[in-house]
1. Suppose we keep only residues that are among the aromatic types (Phe, Trp, Tyr) and not in a loop (DSSP other than H, G, I, E, B) within the range 59-113. Which one would you say is farthest from Phe17 (Cα to Cα)?
2. Against the definition (under 18 Å from Gly69 (Cα atoms), over 16 Å from the mean Cα position of the chain (by Cα) and open to solvent by 20 Å² or more (accessible area, probe 1.4 Å)), how does Gln147 come out, yes or no?
3. Taking the stated definitions as given, is Lys163 at pLDDT 95 or above, over 20 Å from Trp70 (Cβ atoms) and either surrounded by fewer than 16 Cβ atoms within 10 Å (Cβ to Cβ) or under 14 Å from the mean Cα position of the chain (by Cα) (or both)?
4. One residue is enough: does the range 52-69 have a residue meeting the conditions out of contact with any strand residue (DSSP E or B) (no Cβ under 7 Å at 6 or more places or on another chain), modelled with pLDDT under 95, among the β-branched types (Val, Ile, Thr) and surrounded by 13 or more Cβ atoms within 10 Å (Cβ to Cβ)?
5. Determine whether Asp127 is of a type in the set (D, E, K, R), open to solvent by less than 50 Å² (accessible area, probe 1.4 Å) and under 26 Å from Phe201 (Cα atoms).
6. For the range 109-123, which positions are among the polar types (S, T, N, Q) and open to solvent by 50 Å² or more (accessible area, probe 1.4 Å)?
7. For the range 115-154, which positions are in a loop (DSSP other than H, G, I, E, B) and out of contact with any helix residue (DSSP H, G or I) (no Cβ under 6 Å at 6 or more places or on another chain)?
8. Residues in the range 186-200 that are touching a residue at least 24 places away in the same chain (Cβ under 8 Å) and over 14 Å from His138 (Cα atoms): how many?
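The values are calculated or read from the model by the stated rules, or taken from the named source; none is laboratory data. Being a predicted model, the structure only gives us computed values, none of them experimental. Quick reminder, even Gly has a Cβ in these numbers, built from the backbone with ideal geometry, and neighbours come from all protein chains shown. Accessible surface areas use protein heavy atoms only, side chains included; no ligands, DNA or RNA. Shrake-Rupley method; radii C 1.70, N 1.55, O 1.52, S 1.80 Å.
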Amino acid sequence: MELYHVLNRGVDKRDIFLDSQDYVRFVHNLYEFNDTKFIGSSRRGNMSDFVSPTSVSKHERERLVDVHGWVLMKNHYHLLLSERVEGGLSLFLRKLNVGYAKYFNEKYERVGTLFQGRTKKVLVERDAQFLYILHYIHLNPLDYLEQARGWRIRDKGTFAGVKEAMEFLESYRWSSYLDYTKIKNFPSVLTTRLFRNKDVFTDYGKAVSSYLKDVEFEKVSGITLE
């Protein structure tokens with residue numbers, strides 16, 4: 001199995017999620033487009049009643065990819081994917097981007113490209129990458145927490161502290177973090193068995209807390225990981 005970190009952002013770094021309905025639509029598409037039998041674009045209409053992908057059609061699905069992790073930010077998204085059928089990764093991303101762009105352009109009465117270019121796909125090849133990549137995806141929302149922007153390895157700023165960061169992550173709905181910590185959010189989108197097991201993360205919330213404690217210590221002591 002090959003694991004890919006996948007990311008794309010709005011053209012000119014523009015915001016691609018302007019309200020909660022936009023976030024919900026993209027999560028819905030993560031589920032609906034992940035099906036070899038589904039060819040068309042996602043249905044139009046008010047998505048305010050969509051709470052969980054479990055509410056959509058129960059027909060037997062053949063998934064194109066496994067979604068191991070995800071996060072939606074204001075102007076970009078990160079996904080962690082592995083392919084289930086040949087060509088499934090490219091097909092899934094094409095349906096996802098085109099379908100969401102069509103919805104966004106119709107809703108906001110705009111025309112033209114929504115995403116800045118081809119979706120970037122980075123193969124996770126090393127053990128160190130494998131153990132870090134899920135944390136990296138889930139910690140992205142800390143960019144919105146003023147005192148926590150030092151969570152990134154390359155940053156030299158201050159760090160708010162583990163307690164504040166963990167509380168913020170638990171309040172951020174638009175990622176797979178909550179489902180990994182056994183708080184049901186959008187479980188039908190996600191495949192957790194690769195990471196949530198005794199050989200990787202038996203308690204994912206505790207693993208993230210430990211990682212952030214290490215970051216906090218490195219900032220205080222002047223140690224960097226670069």
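1. First, the residues of the range 59-113 that are among the aromatic types (Phe, Trp, Tyr): 70, 77, 92, 100, 103-104, 108.
Within this subset, residues satisfying the condition of being not in a loop (DSSP other than H, G, I, E, B) are 70, 77, 92, 100, 103-104.
Details: Trp70: 15, Tyr77: 10, Phe92: 20, Tyr100: 10, Tyr103: 11, Phe104: 9 Å.
Filtering the range 59-113 for residues that are among the aromatic types (Phe, Trp, Tyr) and not in a loop (DSSP other than H, G, I, E, B), the one farthest from Phe17 (Cα to Cα) comes out as Phe92.
2. Working: under 18 Å from Gly69 (Cα atoms): no; over 16 Å from the mean Cα position of the chain (by Cα): yes; open to solvent by 20 Å² or more (accessible area, probe 1.4 Å): yes.
Answer is no for this residue.
3. On the way: at pLDDT 95 or above: no; over 20 Å from Trp70 (Cβ atoms): yes; either surrounded by fewer than 16 Cβ atoms within 10 Å (Cβ to Cβ) or under 14 Å from the mean Cα position of the chain (by Cα) (or both): yes.
Judged against the criteria, Lys163 is not a match.
4. Taking the range 52-69 and keeping what is out of contact with any strand residue (DSSP E or B) (no Cβ under 7 Å at 6 or more places or on another chain), we get 52-64.
With the extra rule that they be modelled with pLDDT under 95, the set shrinks to 52-62.
Still in the list and also among the β-branched types (Val, Ile, Thr): 54, 56.
Restricting the remaining residues to those that are surrounded by 13 or more Cβ atoms within 10 Å (Cβ to Cβ) gives 56.
Yes, the range 52-69 contains a residue that is out of contact with any strand residue (DSSP E or B) (no Cβ under 7 Å at 6 or more places or on another chain), modelled with pLDDT under 95, among the β-branched types (Val, Ile, Thr) and surrounded by 13 or more Cβ atoms within 10 Å (Cβ to Cβ).
5. No, not satisfied.
6. Our first condition is that a residue be among the polar types (S, T, N, Q); within the range 109-123, this holds for 113, 116, 119.
Thr113, Gln116, listed by residue number.
7. If we filter the range 115-154 for residues that are in a loop (DSSP other than H, G, I, E, B), which is where we start, we get 116-119, 124-126, 145, 152-154.
Result: Gly117, Arg118, Glu125, Arg126, Arg152, Ile153, Arg154.
8. In the first step, residues of the range 186-200 are kept if they are touching a residue at least 24 places away in the same chain (Cβ under 8 Å); the result is 186-192, 194-195, 200.
Still in the list and also over 14 Å from His138 (Cα atoms): 186-189, 191, 194, 200.
Adding up the residues that qualify gives 7.
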